[in-house]
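Following: one structure in C-alpha cells, then a few remarks.
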Amino acid sequence: MPRKMIEVENVNHPGHVARVDAEKYAAARAALLKLLPRRAPGMTQREMMDAMRAALPLSQFPGTTTSWWMKTVQLDLEAKGLVTRDEGKPLRWRRV
C-alpha cells in the first residue's frame, strides 16, 4: 500500500512545495508545536533539534532524520504563519 503524502511549503522558497510522508509529518509537527514556546526568547535551531530527538520515537525517526524533519516542519509552519523567527543572533523561533 502506498504511503500517504502531504505537500509542505518552505518560507525561504515561496511558491515551491515538496511532498513528504504524511504520517511522519504529522508526528513531527505535533512534537514541534508542543515544544516551541509562544513567548520570546523562543528556541534556537540547536535547542529545537535536541528537543525533537528526545520527543520523537527512534523507531519512526532513526539516526539524524529528526533534524531533517524538524527543519522541514519549521520551514513549513513558518511559511504558513504558525511559527515566527525572532530578530537577533542566534536565530530563535517561537509559536505565533
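Quick look at the values:
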item: Test for Ala40: is it touching a helix residue (DSSP H, G or I) at 6+ places or on another chain (Cβ under 7 Å) and touching a residue at least 12 places away in the same chain (Cβ under 8 Å); result: no
item: 1 or more residues in contact with a strand residue (DSSP E or B) (Cβ under 9 Å, 6 or more places away or on another chain) and aromatic (Phe, Trp, Tyr): qualifying helices (runs of 4 or more DSSP H) within segment 1-95; result: 22-35, 65-79
item: Condition met for Gly81 (at pLDDT 95 or above and small (Gly, Ala, Ser)); result: yes
item: Residue within segment 50-65 that is within 24 Å of Arg3 (Cα to Cα), free of Cβ contacts under 8 Å to residues at least 24 places away in the same chain and among the β-branched types (Val, Ile, Thr) present; result: yes
item: Residue satisfying all of: in segment 66-84; charged (D, E, K, R) and in contact (Cβ under 8 Å) with a residue 60 or more places away in the chain; nearest to Ala22 (Cα to Cα) among these; result: Asp76
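The values are calculated or read from the model by the stated rules, or taken from the named source; none is laboratory data. Here the structure is a predicted model, which means the values were calculated and not measured. Note: ideal-geometry Cβ built from the backbone for every residue, glycine included; neighbour counts use all protein chains shown.
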